[in-house]
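Report on one structure; see the data block that follows.
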Amino acid sequence: MELELRGFSRSFEFGNLRSLALLISAFRRCRAEMKELRPDVAVSFGGYASVPGSLAAVSMGIPLVIHEQNAIPGLANRVLAPLARKVAVSFRPTLEGSRRWRRKAVLTGNPLLPRSQEGGHDEDPWSFFGLERGRRTVAVIGGSQGAASLNRAVLESLPAWRESGDLQVVHAVGADKFDQFSSMLEEGETGTFVYRPFAYIERMDLLYAVADLVVCRAGASTIAELAAAGCPSILVPYPYATAGHQDANARVLVSLGAAVLVPDRELNGERLRAEVRALTEDRARLERMSEAARRAAAPDAAARLADLVMEVAGRAV
């Protein structure tokens with residue numbers, strides 16, 4: 001079932017009336033669907049798109065389970081939490097800080113695709129990226145569309161990295177920037193420096209396997225993947241994330257010694273090179289960071305969440 005919805009503006013706008021009308025319509029459609037299906041439990045993963053279905057379930061007496069990915073709960077989950085039977089959270093600070101609904105909060109972790117947690121691989125990770133096994137390897141990833149500040153910092157760093165020699169850089173630049181960055185390949189292949197730009201990386205499991213260090217944003221799924229893979233990281237939280245939730249996500253790994261946090265406003269080529277050099281030249285520190293990251297992992301998060309849902313549904317696990 002597809003629903004037409006649009007988010008609400010945080011300030012008063014007439015467009016919010018349209019959003020409200022769509023929400024009411026979606027709520028009615030969800031109720032009609034649930035009357036037919038009669039689910040034992042409803043599960044919400046947040047965002048405004050989850051609101052009509054969640055409200056429909058509660059209005060029909062269907063128990064609601066919420067999963068919050070981020071360290072700081074989003075608005076939809078904060079609104080729905082008092083109505084939920086259980087609230088599953090990804091990070092311990094969220095569990096400890098949820099005063100309004102602490103009794104119903106359960107630490108499950110953030111479920112990941114099985115491939116993100118597998119130790120073995122169906123192909124050689126180094127061959128996949130055209131890299132040499134055993135050399136210092138840095139991955140810079142800005143999500144599916146790249147990240148302007150990360151791209152700019154890499155661009156500023158390339159000349160110095162070419163001169164420095166023994167470094168391999170895999171860079172997810174975003175589809176719209178791929179031509180610009182791939183044009184640097186010929187220069188980037190001189191000497192011992194290797195630069196591999198990609199529009200988008202589908203096999204993140206292979207990337208985590210080759211990376212000695214990952215430079216990236218701090219979305220909830222990314223934090224969970226870094227922990228599962230045991231990857232040391234330099235985290236540059238997206239500065240416009242609602243309520244600064246990426247900063248809070250990043251601090252989970254930083255507090256454990258698994259990551260270094262660089263505010264987006266402070267990131268440039270010089271800072272990126274300095275942070276990368278300090279970490280890649282200290283193997284012992286990278287090993288400690290890797291061990292710390294794994295301590296934050298929740299490899300059984302999917303099973304924990306499934307068990308919680310079945311418990312609320314009144315089904316035997």
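The values are calculated or read from the model by the stated rules, or taken from the named source; none is laboratory data. Keep in mind the model is a prediction, meaning the values are calculated, not measured. FYI the Cβ positions are ideal-geometry reconstructions off the backbone, even for glycines, and counts take in every protein chain you see.
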Could you please let me know if Glu202 is free of Cβ contacts under 8 Å to residues at least 12 places away in the same chain, in a loop (DSSP other than H, G, I, E, B) and more than 23 Å from Val260 (Cβ to Cβ)? yes
Given the criteria surrounded by fewer than 15 Cβ atoms within 10 Å (Cβ to Cβ) and of a type in the set (Lys, Arg), does Arg273 qualify? no
Qualifying positions in the range 143-164 - polar (S, T, N, Q) and surrounded by 14 or more Cβ atoms within 10 Å (Cβ to Cβ): Gln145, Ser149, Asn151, Ser157, Ser164
Spot the failing condition for Gly146; the list is (1) in a helix (DSSP H, G or I); (2) at positive phi, and only one is missed. (1)
Ser255 versus (1) small (Gly, Ala, Ser); (2) under 28 Å from Arg162 (Cα atoms); (3) surrounded by fewer than 20 Cβ atoms within 10 Å (Cβ to Cβ): which is the lone unmet condition? (2)
Scope the range 149-180; condition outside any helix (DSSP H, G or I), in contact with a Gly (Cβ under 8 Å, 6 or more places away or on another chain) and closer than 20 Å to Cys231 by Cβ; matching residues: Ala172, Val173
Any residue at all in the range 261-282 that is under 19 Å from the mean Cα position of the chain (by Cα), within 13 Å of Ile223 (Cα to Cα) and not assigned by TED's automatic domain parsing to the domain that holds Ala76? yes
When (1) surrounded by 16 or more Cβ atoms within 10 Å (Cβ to Cβ); (2) within 26 Å of Gly244 (Cβ to Cβ) are applied to Gly47, the one that fails is (1)
Failed item, numbered, when Ala229 is tested on (1) closer than 15 Å to Val170 by Cβ; (2) more than 14 Å from the chain's Cα centre (by Cα): (2)
